[in-house]
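Asks: Have a look at this one before I ask anything.
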Amino acid sequence: MQTFNHLITTRPHEVRQVFISDLHLSPEEPALVQAFLALLDDCLALPVLKRLFILGDWFEVWIGDDAYLTLSDDARQTHWLTPLIAKLKQLRINGCEILVMHGNRDFLLGQPFCNLFGGELIDEPHMLTIGQQHYRLEHGDALCTDDKKYQFFRKIMRNRLTQWYLLNKSLKKRLAIAEKMRQKSQQNNANKAAHIMDVNDEAVIQAVANSDALLHGHTHRPDIHQATDDKKRYVLGDWRLLNKDARKPTVSAVIGVMITNAHSDSNKAKFELVEFKLQV
């Protein structure tokens, strides 16, 4: 796997699509926010970039679009999301589609927020053709079927009635609920065997049955696996702060890129995993 300090160095005239997941952005981790802004700067410099996919857990927690949309103009000026929205909007103006998928942390993210920068919420799974292969894209938590408790929780949280109930509570109450859920999740995960929180092999085989390859995040275990004899499973990485206490911390993320040679047709496009590494 190749490592680049800037995405622009990886054959800029050949990068057509970029795939990221598990950024877990929050005001408590400004280095991760700065790394994402740097990636967007690189995307803005890619001359033929057509799509940016964000495959879930874009934010560490999302309690509803109204947490930002109801802010006054003055409050937005200093909000940590505002520079992010401005760069995404410019990317969309440049002709790059921005496609966002829900994760297990930001399932309350809505189209109204995405409208601020011209983005589009997409359902999972999402089917995408790369070259002559059909890729199935999803966040990845639905594949962790050995974790029965989590799957039950996921089913409840993805229910429209549950989400309606949560979104009709005050922002203060939603924030308290989110914090309680996060603490409980951390406690539960600390007592689970590692394999339970990874994907189930049978679930992967079923997921890839009608496609040529599977691409997901969620597990924070970036790698390329042989899903079946002739099909691969690509796992995007979480955005990691490698040396948090350093004066200039380093952020690392394994991301996906779809490459097309400038002199070949789209049928010869290929998918690669690369490490995006940035000293903030």
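The values are calculated or read from the model by the stated rules, or taken from the named source; none is laboratory data. As the structure is a computational prediction, the values presented were derived from the model and not from experiment. Please note: Cβ atoms are built from the backbone with ideal geometry, for glycine as well, and neighbour counts cover all protein chains shown. Accessible surface is based on the protein model in full, side chains and every heavy atom, while ligands, DNA and RNA are left aside. Shrake-Rupley method; radii C 1.70, N 1.55, O 1.52, S 1.80 Å.
Asks: Could you give P(r) for the chain, binned at 10 Å from zero, as whole percent values over all Cα-Cα pairs?
Replies: In order of increasing distance, the bins hold 6, 28, 37, 24, 6, 0 percent.
Asks: Ok, one more. Could you work out the relative contact order of region 89-179? I mean the mean sequence separation of Cα pairs under 8 Å and 6+ apart, divided by the number of residues, in percent.
Replies: 21
Asks: Something else: Which helices, taking whole DSSP H runs in the chain, have alpha carbons extending 30 angstrom or more along the helix axis plus mean Kyte-Doolittle at least 0.0?
Replies: Helices meeting the criterion: none.
Asks: Please report, to two decimal places, log10 I(q)/I(0) for region 1-160 at q = 0.08, 0.09, 0.11, 0.18 Å⁻¹ as given by the Debye formula with identical point scatterers on the Cα atoms and no solvent.
Replies: One equal scatterer on each Cα of region 1-160 leads to -0.25, -0.32, -0.48, -1.25.
Asks: Karplus couplings for region 12-17 from phi (6.51 cos²θ - 1.76 cosθ + 1.60, θ = phi - 60°), rounded to Hz, Gly and Pro as x?
Replies: x, 7, 10, 7, 9, 9
Asks: Find how many whole Å separate the alpha carbon centroid of region 1-59 from the alpha carbon centroid of region 108-159.
Replies: Going from one Cα centre to the other spans 19 Å.
Asks: State, in angstrom, two size descriptors of region 123-227 derived from its alpha carbons: Rg to one decimal place and Dmax to the nearest whole number.
Replies: 16.3, 49
Asks: How long are the three semi-axes of the equivalent ellipsoid for region 83-158, computed from the Cα gyration tensor as the root of 5 times each eigenvalue, in whole Å, largest first?
Replies: Its equivalent ellipsoid spans semi-axes of 27, 19, 8 Å.
Asks: Here's another thing I want to ask about it. Calculate the spin-label point distance for Arg158 paired with Asp66, positioning each point 7 Å from the Cα along the beta-carbon direction, and give it in nanometres.
Replies: So the two model labels end up 2.5 nm from each other.
Asks: Tell me the relative contact order for region 129-280 as a rounded percent, counting alpha carbon contacts under 8 Å between residues six or more apart. Mind dumping the intermediate values first?
Replies: Numbers: 219 pairs, mean separation 36.6, N = 152.
With pairs under 8 Å counted, the relative contact order is 24 percent.
Asks: Pairs of Cα atoms under 8 Å, at least six residues apart: use those to get the relative contact order of the chain, whole percent. Mind dumping the intermediate values first?
Replies: Numbers: 531 pairs, mean separation 67.6, N = 280.
Normalised by residue count, the contact order of the chain is 24 percent.
Asks: Probe 1.4 Å, all protein chains in place: accessible area of Glu28 in Å², nearest 10?
Replies: Only protein atoms counted, so the area is about 140 Å².
Asks: Now, a different point. In region 1-75, which trypsin sites (Lys or Arg not before Pro) fall in coil by DSSP and have 16 or fewer other Cβ atoms within 10 Å?
Replies: Lys50
Asks: Related question: I'd like the Karplus ³J(HN,Hα) series for region 220-225: coefficients 6.51, -1.76, 1.60, θ = phi - 60°, whole numbers in Hz, and an x wherever there's a Gly or Pro.
Replies: After applying 6.51 cos²θ - 1.76 cosθ + 1.60, I find 6, 10, x, 4, 10, 10 Hz.
Asks: Next question. With the Cα gyration tensor of region 205-280 giving a ≥ b ≥ c as the square roots of its eigenvalues, does the rule (a/c under 1.5 for rounded; else a/b larger than b/c for prolate; else oblate) give rounded, prolate or oblate?
Replies: Taking the square roots of the gyration eigenvalues as a ≥ b ≥ c, region 205-280 is oblate.
Asks: When a/c reaches 1.5 or more, the comparison of a/b and b/c decides; with that in mind, is region 15-64 rounded, prolate or oblate per its Cα gyration tensor?
Replies: oblate
Asks: What does the accessible area of Met258 come to, in Å² to the nearest 10, when a probe of 1.4 Å is used?
Replies: Approximately 20 Å² of Met258 is accessible to the 1.4 Å probe.
Asks: So if I average 1/r over every pair of distinct C-alpha atoms in region 149-191 and take the inverse, what Kirkwood radius in Å does that give?
Replies: Hydrodynamic radius (Kirkwood, Cα pairs) of region 149-191 is 11.3 Å.
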